[in-house]
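Let me begin by presenting the structure, written as structure tokens, before commenting on it.
The values are calculated or read from the model by the stated rules, or taken from the named source; none is laboratory data. Note that the structure is a prediction, hence the values are computed from the model and not measured. FYI the Cβ positions are ideal-geometry reconstructions off the backbone, even for glycines, and counts take in every protein chain you see. With ligands, DNA and RNA removed, areas are computed over all heavy atoms of the protein, side chains included. Shrake-Rupley method; radii C 1.70, N 1.55, O 1.52, S 1.80 Å.
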Amino acid sequence: MYPGRFATEHPERAAFIMASTGETVSYGELEKRSNRLAHRLRQEGLQRLDHYSIFMENNNRYFECCAAGERSGLYYTCINSYLKADELAYILNNSESKVLITSRSRAEVAAEALKQSPNISLVLIVDGDASHAPFVSLDDAVRDLPETPIADESLGTPMLYSSGTTGRPKGILRPLPENPPSEPLPLYKFLLGLWQYREAMTYLSPAPLYHSAPQAAVALTIRSGGTAVIMERFDPEHYLSLIEKYRVTHSQLVPTMFSRMLKLADEVRHRYDLSSLEIAIHAAAPCPVQVKEQMIAWWGPIIHEYYGATEGLGFTASNSEEWLAHKGSVGRVLLGDLHILDEDMKPAPKGTPGEIWFKTATPFEYFNDPERTQGARSPDGTMSTVGDVGYVDDDGFLYLTDRSTFMIISGGVNIYPQECENLLITHPKVADAAVFGVPNEDLGEEVKAVVQPMAGVTADDAFAQELIAFCREHLATVKCPRSVDFTDALPRLPTGKLYKKPLRDKYWGDKKSRIL
């Protein structure tokens, strides 16, 4: 979020625009705000490599809160704004944060979490009533401080947490060199070129800023001298209207956003002028082949895909032309040294799924968690994994199968539910779907689907049988659900990731699932 030279060369240029209100904050104003907050963090005693946290929804103060850390050598943790108090307290304590910045809408949760967070010495609130302890108004806290940089500026960086879909979230710490703030980490330089960022571009951000991908995309937009348009929440038609309104050139999405736009009525989808789009990037979750085919047919060959964990183990990518020649892949390796290994840490035959390991492209550790750091590394310490499973084709393109923790073992057969999920989401009556293993006395586990129907669809046994038949038409019977349940909404994180654990736990009860 560092404004850099654009704060002096183009101080009136819009750094970002809030989509719901049209409020615009210039590069010059962002520079002043972030400098004042950097001075306040120094006053609080935070020095290079110290930590603070940001817990709030997408709003007009988010960027200065990040930029202050990025220019003062600090690690700043952007926390999932949907967490409960206990979950928030865990991250505040685990990250060793000394300052928390929050908002009115998250103040109640923050206040409860602070009862368990003794190391927080200052709580700033950006838009709320600070008359009650422990909150201090951000505006009041920085009002008399300089608008110029602190004397000891140095590069800071996010320390983000994994989404915690399979357990406690982990803080992902990267080494931070003593660079000036104008000199970003090598990974970000690589992404600037790959994603074709340029000065005066317009980036549309439809995702929550606490997640690594949108956080990095907006930060790079501002480092490039572009303008970021920030949606407070994703709505498919509003997203399309914003492309037309602001002549958006770049955007990054997740596959569920593609699906929701494709299920708009044809007259709505084609109502807006999307011709300004130059590049649309997607990642975070696997994209069903049919969904991506339809998006390329609609938007043209401007869609780019990548695969890379927040940990920075490695990085694969493909453009539309490459993907159309290798449908279903997440691209070829551009960073890191990829290995597909079986359960014995031996190379899996080409085309056979195995766990994805990289000779790590960028060093990392899980902060304050040496046991999990060690668990993510090979016995000799040369490779790392986050538990994803996939295979490589003859041309070196990687295909994701699933996470190893989600694999179903039914009658001794390994089943990866992602394939069935990807199929179900293409059914015209399905809004969202989750597939996982549930107990079966004879087989150990059997395949279960939980489906969110489209509005107006009757969720009855006839529809369940229709979906089972649909799956069996396209997949081997062993991969298909034996039963289908329905729900009003699936626990999908705003980042696009499906949070299966609470769904699955309902079916396991007191029985011990293979997946913890």
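Values for this structure:
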item: Glu199/Ile409 FRET efficiency (R0 51 Å; Cβ-Cβ; nearest 0.05); result: 0.45
item: Using a Förster distance of 60 Å, the FRET efficiency for Val289-Asp144 (Cβ separation, nearest 0.05); result: 0.55
item: Around Ser81: net Lys/Arg minus Asp/Glu count, Cβ-Cβ under 14 Å; result: 0
item: Packing-based order for 203-209, 193-199, 444-450, using average beta carbon neighbours within 10 Å, highest first; result: 203-209, 444-450, 193-199
item: Where the chain is the region considered: accessible area per residue in Å², 1.4 Å probe; result: 41 Å²
item: Over 30 Å between alpha carbons, listed pairs Lys292/Lys346; Lys170/Lys346; Lys327/Lys429; result: Lys292/Lys346
item: Calculated FRET value between Glu12 and Phe190, using beta carbons and R₀ = 30 Å, to 0.05; result: 0.45
item: Spatial separation of Cα centroids for the stretch 245-307 and the stretch 130-156, in angstrom; result: 39 Å
item: Across the chain: Cys residues that no other cysteine approaches within a C-beta distance under 4.7 Å; result: Cys65, Cys66, Cys78, Cys287, Cys420
item: Percentage relative contact order, the stretch 98-253, counting C-alpha pairs under 8 Å, at least six apart; result: 15 percent
item: Separation in nanometres of the label points that stand 7 Å from Cα toward Cβ, at Arg247 and Gln116; result: 5.0 nm
item: Prolate/oblate/rounded label for the stretch 346-411 (Cα gyration tensor, a/c 1.5); result: oblate
item: Percent of C-alpha pairs per 10 Å bin, the chain, short to long; result: 4, 18, 28, 27, 17, 5, 1, 0
item: Mean separation of Cα contacts under 8 Å (6+ apart) over length of the stretch 324-461, as relative contact order %; result: 18 percent
item: Value of [θ]222 nm, deg cm²/dmol, for the chain, DSSP H segments ≥ 4, -39500 (n - 2.57) each, nearest 500; result: -8000 deg cm²/dmol
item: Radius 11 Å from Cβ of Gly354, net charge of other residues (Lys, Arg +1; Asp, Glu -1); result: -3
item: Inter-centroid distance (Cα atoms) of the stretch 441-505 relative to the stretch 40-58, Å; result: 43 Å
item: Beta bridges per DSSP with both ends in the chain, % antiparallel, nearest 5; result: 50 percent
item: Semi-axis lengths, Å, the stretch 414-516, gyration tensor of Cα atoms, sqrt of 5 times eigenvalues; result: 21, 17, 13
item: Neighbour net charge for Ala107 - beta-carbon separation under 12 angstrom, K R +1, D E -1; result: -3
item: Accessible-area composition of the stretch 203-345, carbon plus sulfur, in percent [1.4 Å probe]; result: 48 percent
item: The chain: relative contact order in percent, alpha carbon pairs under 8 Å with at least 6 residues between; result: 10 percent
item: Cα-based shape type of the stretch 1-147, given that a ≥ b ≥ c are square roots of the gyration tensor eigenvalues and the cut on a/c is 1.5; result: prolate
item: Under the Karplus curve 6.51 cos²θ - 1.76 cosθ + 1.60, θ = phi - 60°, whole-Hz ³J(HN,Hα) for the stretch 13-18, x wherever Gly or Pro sits; result: 5, 5, 7, 8, 10, 7
item: Extended-chain gain in nm, criterion 0.36 nm per residue less alpha-carbon gap, Thr24 and Leu49; result: 5.9 nm
